[in-house]
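**Q** Before I ask anything, here is the structure I am working with.
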Amino acid sequence: MRPSPPPDPSPAADPARIEVALGERAYPVLIGPGVRHRLPAEIARVGARRVVVVSARPPEWTPDPGVPHRVVPARDGEHDKTLATVERLCRAFADFGLTRTDAVVSCGGGTTTDVVGLAAGLYHRGIAVIHLPTTLLAQVDASVGGKTAVNLQEGKNLVGVYWQPRAVLCDTEHLTTLPERERRNGYGEIARAHFIGAGDLRGRPVAEQIAACVALKARVVAADERDSGLRHILNYGHTLGHALEVATGFRLRHGEAVGVGTAFAGRLAGLLGRIDPARVAEHHEVVTGYGLDPTLPSDVDHDELIALMRRDKKATSGLSFVLDGPTGPELVPDVPEPTVRTALV
């Protein structure tokens, strides 16, 4: 079923604005209804003369950048999150004659912002990119922070670069086009944000939930852009989550898998004596409170999950997880495998 026609093209009045403070590479994240119509102003600010718009959305939901441009169709989904897709996009950029003074725009979910961001970071060794994330998951997390990556058969997000966008436009009108499962999928990232400093966002309006998550991520990225310390906390629930995505052939979507991973992180922290039973229970309550299933699928092989988690990007010393504790979340290396298996219930 095609989404309903978009509202009249009038820019949002006074959208929420959050700055990702990275010095000369700082950029705004705008959140609110209609902010996609601010794209021409952001393109003018960047100074691009030509633009390629990579869009996983119908033409009526793909905004005009206001300069000569080409629209390249894309598909959201992990199966297109590959180096082959990056090559296809870069060849489209070259065919349209993009130079270093031009720009690329992504319009789609988190897999689209990841792939387009990586292609932009590699083409001509870096070209300006602006993200228009259209799913809740992409708006609260994937489009902000400059991490770009694609998957290999061996695991999630194993090939990528850091490439910060020049602006992110989170138009909440896009969320009205989402099927219920995709909307709920985004709450996996909001659930994990509960345990890394965003606070309890249950019951708040969606624009406030997005803004709170983006503000948290902006603070963390400004303090640790290249994931050398503090930024590890953003991976709360993701070590098992990424393994589950691969092990299920992406039957579980990213946010759904992160929800399971967040509940698991609570159990594991409890088994290690880092948090008390009430805090363990809170993990379960928060995940289910967002309408997500916190339980591990019964058909996944635990040996496969362990092997996948050992290949996680953070696993520089044995099985490593971001876990809650007395001083808050932190990366915990060398977690004993038997304890991990016990928590995989």
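Each reported figure results from applying straightforward, stated rules to the coordinates on display, with no laboratory input. A quick note: this is a predicted structure, and the numbers were derived from the prediction, not measured. Every residue, glycine as well, gets a Cβ built from its backbone with ideal geometry; the counts of neighbours run over all protein chains shown.
**Q** With axes computed from alpha carbons, what is the tilt in degrees of helix 277-289 against the longest principal axis of the chain, rounded to the nearest 10 within 0 to 90?
**A** Roughly 40 degrees, rounded to the nearest 10.
**Q** Where a ≥ b ≥ c are the square roots of the eigenvalues of the C-alpha gyration tensor, would you call the range 16-178 rounded, which needs a/c under 1.5, or, failing that, prolate if a/b is larger than b/c, or oblate?
**A** Because its axes are fairly even, with a/c under 1.5, the range 16-178 counts as rounded.
**Q** Please work out whether the range 63-133 counts as rounded, prolate or oblate from its C-alpha gyration tensor, where a ≥ b ≥ c are the square roots of the eigenvalues and a/c under 1.5 means rounded, while otherwise a/b larger than b/c means prolate and anything else oblate?
**A** Judged from the Cα gyration tensor, the range 63-133 comes out oblate (a/c at least 1.5, b/c at or above a/b).
**Q** Grab the DSSP H runs of the chain that are 4 residues or longer, score each as -39,500 (n - 2.57), total them, divide by all residues and round the 222 nm result to the nearest 500 deg cm²/dmol.
**A** Calculated from helices alone, the mean residue ellipticity at 222 nm is -11000 deg cm²/dmol.
**Q** In percent, how large is the relative contact order of the range 230-343, given Cα pairs closer than 8 Å and 6 or more residues apart?
**A** Computed value for the range 230-343: 30 percent relative contact order.
**Q** A follow-up question, please. With both bridge residues required to lie in the chain, what share of the DSSP beta bridges run antiparallel, to the nearest 5%?
**A** Just about 35 percent of them are antiparallel.
**Q** Taking the Cα centre of the chain as origin, work out the dipole magnitude from +1 charges on Lys and Arg Cβ and -1 charges on Asp and Glu Cβ, in debye rounded to 20.
**A** Dipole of the chain, to the nearest 20 debye: 860 debye.
**Q** Still on this structure, please answer the following. Give the peptides 63-70, 271-278 in descending order of average Cβ contacts within 10 Å, highest first. The partial results should precede the final answer.
**A** Numbers: 63-70: 16.5, 271-278: 14.1.
Highest mean packing first, the order is 63-70, 271-278.
**Q** Hey, another quick one. What percent do you get for the relative contact order of the range 239-305 when only Cα pairs under 8 Å and 6+ apart count?
**A** 36 percent
**Q** Sort 137-149, 97-109 by the packing proxy (mean of other Cβ within 10 Å over each peptide's residues), most packed first.
**A** 137-149, 97-109
**Q** Loop only by DSSP, 16 or fewer other Cβ within 10 Å of the Cβ. Give me the trypsin sites (Lys or Arg not before Pro) in the range 169-241 that pass, ordered by residue number.
**A** Working: sites: R181, R183, R184, R192, R202, K217, R219, R226, R231; in loops: R202, R226.
Those satisfying the criteria are R202, R226.
**Q** Where in the range 128-222 are there GluC sites (Glu not before Pro) that are in a DSSP coil and have at most 14 other Cβ atoms within 10 angstrom of their Cβ?
**A** E154
**Q** Can I ask one more? Scan [x] 71, 50, 37; [y] 58, 43, 38; [z] 79, 49, 38 for the value of Cα extents along the principal axes in Å calculated from this model and give just the label.
**A** Of the labelled values, this structure produces [y].
**Q** I've got another one for you. According to the square roots a ≥ b ≥ c of the eigenvalues of the Cα gyration tensor, what is the shape class of the range 10-52, taking rounded for a/c under 1.5, prolate for a/b larger than b/c otherwise, and oblate for the remainder? Kindly include the intermediate steps, with their values, before the conclusion.
**A** On the way: a/c = 2.80, a/b = 1.06, b/c = 2.63.
Oblate shape, in that a/c is at least 1.5 and b/c is the bigger or equal ratio.
**Q** Sequence gap at least 6, Cα distance under 8 Å: using those rules, report the relative contact order of the chain to the nearest whole percent.
**A** Relative contact order for the chain comes out at 14 percent.
**Q** PRE reach from L344 (point 7 Å along Cα→Cβ): which of the range 259-285 fall under 19 Å by backbone N?
**A** Once the point is set 7 Å along Cα→Cβ of L344, 259-272 turn out to lie under 19 Å by backbone N, inside the range 259-285.
**Q** Nearest 10 degrees, 0 to 90: what angle lies between the long axis of helix 254-271 and the longest principal axis of the chain (Cα atoms)?
**A** 30 degrees
**Q** Moving on. Would you mind checking the tilt of helix 110-122 against the longest principal axis of the Cα atoms of the chain, expressed as 0 to 90 degrees and rounded to 10?
**A** The answer is roughly 60 degrees.
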